[in-house]
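Quick note: the coordinates plus some simple rules give every number you see, no bench work behind them. This is a predicted model, so every value here is computed, not measured. Don't worry about glycine lacking a Cβ; one is built from the backbone with ideal geometry, like all the others, and counts go over all protein chains shown.
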Amino acid sequence: MKKADKFVMNFEEIRGWFDSDKWDIGHITKKQLKICSNSPIKFPSQSHGWNFANHVRFNWMGISNGLVLIRHSSVAFDYSLYDEVSEILIQHGLKELSDWAHVYTNFKEALILSGRGLRARNSLVYNYKFGFDSKVCVVGFMKMIQNTPKIKRVAGNNFKNEFWNKCIGCDACREACPVGAIHNTGNINWLDSTKCVDFLEFGAHPRIPSMEKYWQENPTPEIPKGMTGEMRKQALYHNVCRDKIPIPQCRECQVQAPCSKWGGKYPY
């Protein structure tokens, strides 16, 4: 890494550290990070780094701005991007906790506010570069990042018509949802997350895997075969999130022809 100003970093230099075929990168101000951190999330299921979610007060520890890092990935529960980001930043001479820190916040809002995507009718965010085939993490920086990309603000959000137009008048995700969790009525789009999460974790669909179905076929020592009921469900859930093990879960709302290369036929 080039010798840099003690208090400033260059966005273009940082972006050059990440393979452009695998990564998309956006900048986020401290104010935007506050907005994200005050936007509730359902549950911090795989929290990594400093927890800036569902709290009233946050310990900023010198964070002045940050980056939203989007990693190309089409596999559920693939959180390897955290380790990859750490390795890249450390390789370029930046020290964790003194120069930067992983921040767990509302990643959907962070991606939108950084100008790297928009919210689709299935409630998920669609990244401009990788679509739904992506995972997001946020890194807070103690130094200010300069030469950041210019973003056109529209109604408080960032979006491009070419992507949003794919959602207008399209009900492909709602029609494909195996449990009817997606609701699009007029201008109101919402997700029945209870139905969605129950299916993701414990569904018994003949074609679409679930967390429980995966672990029935791939048992581990931490989950004895004799474990049943609620204890088994909790063990399944925490084992997957703790070990960051990728599972080919339901992606029916993300892989339809209008918005995905998969054309509605994801290879589970």
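Summary of values
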quantity: Percentage of interatomic Cα-Cα distances in segment 25-76 larger than 17 Å; calculated: 45
quantity: Angstrom value of the Kirkwood radius, inverse mean 1/r, which spans all Cα pairs in segment 159-220; calculated: 13.7
quantity: For segment 48-79 versus segment 81-114, the gap between their alpha-carbon centres in whole angstrom; calculated: 7
quantity: Extreme residue, positive dipole direction of segment 66-128, given options Asn122, His72, His102 (C-beta unit charges); calculated: Asn122
quantity: Rg to Rh, two decimals, where segment 51-123 supplies the alpha carbon set and Rh follows Kirkwood; calculated: 0.97
